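Heads up: the structure comes next, in structure tokens.
The values are calculated or read from the model by the stated rules, or taken from the named source; none is laboratory data. The structure presented is a predicted model; accordingly, all values stated were derived computationally and were not measured. All Cβ positions, even for glycine, are placed from backbone atoms using ideal geometry, and neighbour counts span all protein chains on display. For accessibility, only protein heavy atoms count, side chains too; no ligands or nucleic acids. Shrake-Rupley method; radii C 1.70, N 1.55, O 1.52, S 1.80 Å.
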Amino acid sequence: MDPSDHTILILDDEELIRESLDRLLRNNDLHAITVESAEDAFNVLRRVPVSMIISDHRMPIMSGLDFMIKVREKYPDIIRIMLTAFSEQSLMQRAINEGEIYRFFDKPWNDNELITVINKALKQKDIEIERNRQLYVQLQQSNIETVMALAEAIELKDTYTKGHCTRVRDFAIELARSVGVPNEQLLHLIYGALLHDCGKIGIDETILGKPGKLTTKQIEVMKHHTVLGYELTNSVKHLKTASIFIRQHHERWDGKGYPDGIGQNQIHICSRIITIADTFDAMTSDRPYRDGLEISKAREILIQNKGSQFDPMLVDKFVYLLDKRGINGLLNRNIGQRNQNKHTLMFVDDDKRILKSLTRLFQSDGYNILTASSADQALKMLKYEHADVVVSDQNMPGMKGVEFLKIVKTKCPATARIILSGYADLDKAMAAINDAGIYKFIMKPWKDHEFHATIQNAIDWKQMSQNMNTLLH
Ligand SMILES: [Fe+2]
């Protein structure tokens, strides 16, 4: 940010001082707003983002220091500079302790000194803003990665749901946007949609995978996945809001749902949205024991059940979107579909035979393949080439796989990282997962179909986290 992009608020009851400060700042390419009272200053602060305040101390009604103390409480990030006609020990002490004043200037001030201090403070503020932004992005990225890992674990447990969570997410986002769910709730909605069935992790696989009808007792066990999911996510800070949607995703508009039997507006709008998205996708997806319903049939069932199972307003909106854009329109416009572009895989191994066999294994799938026989060579290539997934051997002469992937993580954070190891070494595995953000471990000798699935999942994972970032920024 340029210093001229910041707004500086000047507060002084003397017109001459205000004018001379304003002129000084303007002559130095700084933008200022001048006000003569604390009341006017607060009016400006309510409307305009201000980076710095320069205030006189001696003023009628409210002193500059009392004003600054209030500013500190309400707008702690604004840099506060005070002008005083006298330097009084007790005033300085209060100002430092209670007002956290950045700097004092005696009147008359030295122009050059004041401008230098202002520019330095604004620069520091920019550095702080950028650091906070980066921390926020990092935190959000790691939250997304956790949620994606958990969503993947659900799909592993309940294989027929492959792709279900991401489709539910896509339908839910489109529906939420169309009814004006505020942006700040969208991230929670995404988490809730992806993890709506995470409680199934705690349900016995014989019940989950049972092809036929469940017994009454089994139905009760199955219903418990809502509460289990809630309990699993409620204690995680960034999933707290989503945990409510997870708990409520089988509630019904008429109050006959579970687990709490609440109805209508007692159910959060995001939960009601997820219910429709979930049911619609479940109806239209193929299961091992039955084909998915025709879209027109599923559409009809939604309409038949509006006002009983579903929020009628949301069904109308969803049907409208479906008619207008079609099912693929809802998924394609969003982020659920796998990108059909050619993806690039990089294999790094000092054993040429392994590189050859991996190239053979994946080339026929239409991937672009890059190979390198050492970490150094791979890093050189990555300066000019982009790889969606890097698979590296652990034991190579020179730099080891984990060290190499750690560098890849910093230089190309969007690349999914997989390590290939000839032996099971748990300590190394843990270190790799923690330090290098390794997506998966593959043991040598690998099984071709498992390797294929891992690569495809890595690409899906990478794309989903990328898309979620795009969506959020
Ligand atoms: Fe469910």
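Within the shell of other residues whose beta carbon sits under 12 angstrom from the beta carbon of Tyr102, the net charge comes to +3, with Lys and Arg scored +1 and Asp and Glu -1. In terms of its alpha-carbon gyration tensor, the range 158-332 comes out rounded; the largest-to-smallest axis ratio a/c stays below the 1.5 threshold. A protection proxy built from the mean count of other Cβ atoms within 10 Å ranks the segments 108-117, 59-68, most packed first, as 59-68, 108-117. For Lys120, a cut-off of 28 angstrom between C-alpha atoms picks up these lysines, skipping any fewer than 8 places away in its own chain: Lys70, Lys74, Lys107.
In the structure displayed, which of Lys356/Lys447; Lys409/Lys447; Lys383/Lys406; Lys342/Lys380; Lys352/Lys383 lie more than 19 Å apart, Cα to Cα? With Cα atoms farther than 19 Å apart: Lys409/Lys447; Lys342/Lys380; Lys352/Lys383. Only protein atoms count toward the accessible area here, which uses a 1.4 Å probe; on the chain, the carbon and sulfur part of that area reaches 51 percent. Estimated from the Cβ-Cβ distance and a Förster radius of 41 angstrom, the FRET efficiency linking Arg360 and Gln140 is about 0.55. Per residue, the accessible area of the chain comes to 51 Å² when a 1.4 Å probe rolls over the protein heavy atoms.
Stretching Asp111 away from Met313 to a fully extended chain increases their span by 66.4 nm, per 0.36 nm per residue minus the current alpha-carbon distance. Multiplying the residue separation of Val179 and His386 by 0.36 nm and removing their Cα-Cα distance gives an extension gain of 70.6 nm. Taking a ≥ b ≥ c as the square roots of the eigenvalues of the alpha carbon gyration tensor, the chain is oblate, as a/c is not under 1.5 and a/b does not beat b/c. Dividing the summed -39500 (n - 2.57) terms of all DSSP H runs of n ≥ 4 by the residue count of the chain sets its mean residue ellipticity at 222 nm at -18000 deg cm²/dmol. Extending 7 Å from Cα along the Cβ direction at Gln377 and again at Arg325 yields two label points whose distance is 4.7 nm. Here the extension length gained between Thr344 and Glu152 equals 66.9 nm, from 0.36 nm per residue of separation less the Cα-Cα distance.
Taking square-rooted eigenvalues a ≥ b ≥ c of the alpha carbon gyration tensor, is the range 3-130 rounded, prolate or oblate, where a/c under 1.5 means rounded and, failing that, a/b exceeding b/c means prolate? Since a/c stays below 1.5, the shape of the range 3-130 is classed as rounded. In this Cβ point-charge picture (+1 for Lys and Arg, -1 for Asp and Glu), the range 3-130 has a dipole of about 240 debye about its Cα centre.
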